[in-house]
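Undergrad: Pasting in a structure now, in structure tokens, and then I'll have a few things to ask.
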Amino acid sequence: MHLLSDFDLSKNDIEEILTLSEKIKANPADYGDSMKNKTLIMLFELASLRTRISFEAGMNLLGGHAIFYSVEGRGFTRSETLEDGIKNLNEYVHCIMARVLKQEAIERIGSAATIPVINGMTEVYHPCQNLADLLTIKEYKGKLEGLKIAYVGDGGCNTSNSTMIGCSSMGMDVTVLCPDYPKYSPSAEILSKIKDHSGSEITVSHDPASGVSGADVIYTDVWVSAGMEEEEKRRMEDFPPFKVDSELVSKAKPDCIVMHCLPAHRGYEITDEVMDSEQSVVFDQAGNRMHAQNGLLFWLMK
Ligand code: CP
């Protein structure tokens, strides 16, 4: 079993992973040997703070070992194919987590691997982030089903995709609030796959003020994701109406929580005032990267 995209997980799978995550988080000592003699390799084509450290610390907490292998700016292997490189890793380690530039690459890794493969973020999906987000929402709200989440910003990016897929799988009402431009909106392909996966319809609107009405959760992310740097000037002109500030948050439910997958660009997609407010749960959310991934590692490898 691999986690190559959020579509690999059913509602029942997510429930099992979140239950394990909660148990491990509550009593880590009970799971201190669960990854004994197990090694995770972490392949990175793009820089990371949270993904790298949370997986490494998580493996350490569970009694296992993690190897960091960065290939930023060069290929995974010198002259052999990606598939041949992965067939070597099959012989040494027990799980592969890879942050790669292209979804196609993680699919190729999954095809060549005989051990579980975890998508640590591609340009299309960020499933580990969504598991941590769901765990956080459940902790703060006590449930997932029936809650409204308003995703504000770039509706076409990986975090938006994973939020739409994972949250709708769990019976949440998902609204995406993005500029009225195709590239910033959820793709028709993703929306159609979500309908097939969970039967859910995603609401897409270009009016953030009315769209956050009734929201239990407001979620935002950077306006310029990794790999989009050449679009920065245009994006900085198009996204300011979608800044999450106190005025926007005041239009949601009074107990609405505010989330961000981080890193945040304070003053752009989120103001200091909101980021540092009592409604912001961003650092608990970051902490839950490790706890949710521990549940995932246990679920995949046991
Ligand atoms: N949210 C997230 O994936 O952070 P990193 O890029 O630091 O891993």
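The values are calculated or read from the model by the stated rules, or taken from the named source; none is laboratory data. In this text the structure is predicted, and so the values were computed from the model without any measurement. Quick reminder, even Gly has a Cβ in these numbers, built from the backbone with ideal geometry, and neighbours come from all protein chains shown. Areas reflect the complete protein model, heavy atoms only, side chains present, ligands, DNA and RNA absent. Shrake-Rupley method; radii C 1.70, N 1.55, O 1.52, S 1.80 Å.
Here is a yes/no grid of residues against (1) in a loop (DSSP other than H, G, I, E, B); (2) over 17 Å from the mean Cα position of the chain (by Cα); (3) under 13 Å from Gln293 (Cα atoms):
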{"position": "Asn60", "(1), (2), (3)": "no, yes, yes"}
{"position": "Ile67", "(1), (2), (3)": "no, yes, no"}
{"position": "Gly73", "(1), (2), (3)": "yes, yes, no"}
{"position": "Asn90", "(1), (2), (3)": "no, yes, no"}
{"position": "Leu131", "(1), (2), (3)": "no, no, yes"}
{"position": "Lys138", "(1), (2), (3)": "no, no, no"}
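Undergrad: Being open to solvent by 50 Å² or more (accessible area, probe 1.4 Å), within 16 Å of the ligand (Cβ to nearest atom) and β-branched (Val, Ile, Thr): is that true of Ile67 here?
TA: So Ile67 fails the test.
Undergrad: Right, something else. Cβ-Cβ below 9 Å, separation at least six or inter-chain, first residue in the stretch 36-49 and assigned by TED's automatic domain parsing to the domain that holds Ala113 and within 16 Å of the ligand (Cβ to nearest atom), second of a type in the set (Gly, Ala, Ser) and open to solvent by 70 Å² or more (accessible area, probe 1.4 Å): which pairs?
TA: Within 9 Å, the pairs are Glu45/Gly73.
Undergrad: Follow-up question, since we're still on this one. Taking into account only those residues within the stretch 112-129 that are in a loop (DSSP other than H, G, I, E, B) and more than 11 Å from the ligand (Cβ to nearest atom), which is nearest to Thr163 (Cα to Cα)?
TA: Looking at residues that are in a loop (DSSP other than H, G, I, E, B) and more than 11 Å from the ligand (Cβ to nearest atom), I get Tyr125.
Undergrad: Which residues, counting only those in the stretch 148-168, are open to solvent by less than 10 Å² (accessible area, probe 1.4 Å) and either more than 16 Å from the chain's Cα centre (by Cα) or more than 16 Å from the ligand (Cβ to nearest atom) (or both)?
TA: Ile149, Ala150, Val152, Gly155, Met164, Ile165, Cys167, Ser168
Undergrad: Kindly evaluate Asp13 against the criterion of being at pLDDT 95 or above, within 15 Å of the ligand (Cβ to nearest atom), surrounded by 13 or more Cβ atoms within 10 Å (Cβ to Cβ) and not aliphatic (A, V, I, L, M).
TA: Judged against the criteria, Asp13 is not a match.
Undergrad: Determine, yes or no, whether Arg108 is within 23 Å of Ile17 (Cα to Cα) and at pLDDT 95 or above.
TA: no
Undergrad: Just the residues that are closer than 15 Å to Lys193 by Cβ and part of a loop (DSSP other than H, G, I, E, B), please, taken from the stretch 156-176.
TA: Gly156, the sole residue that qualifies.
Undergrad: Could you say whether any residue in the stretch 35-52 is surrounded by 16 or more Cβ atoms within 10 Å (Cβ to Cβ), closer than 18 Å to Ile106 by Cβ and hydroxyl-bearing (Ser, Thr, Tyr)?
TA: Yes, the stretch 35-52 contains at least one residue that is surrounded by 16 or more Cβ atoms within 10 Å (Cβ to Cβ), closer than 18 Å to Ile106 by Cβ and hydroxyl-bearing (Ser, Thr, Tyr).
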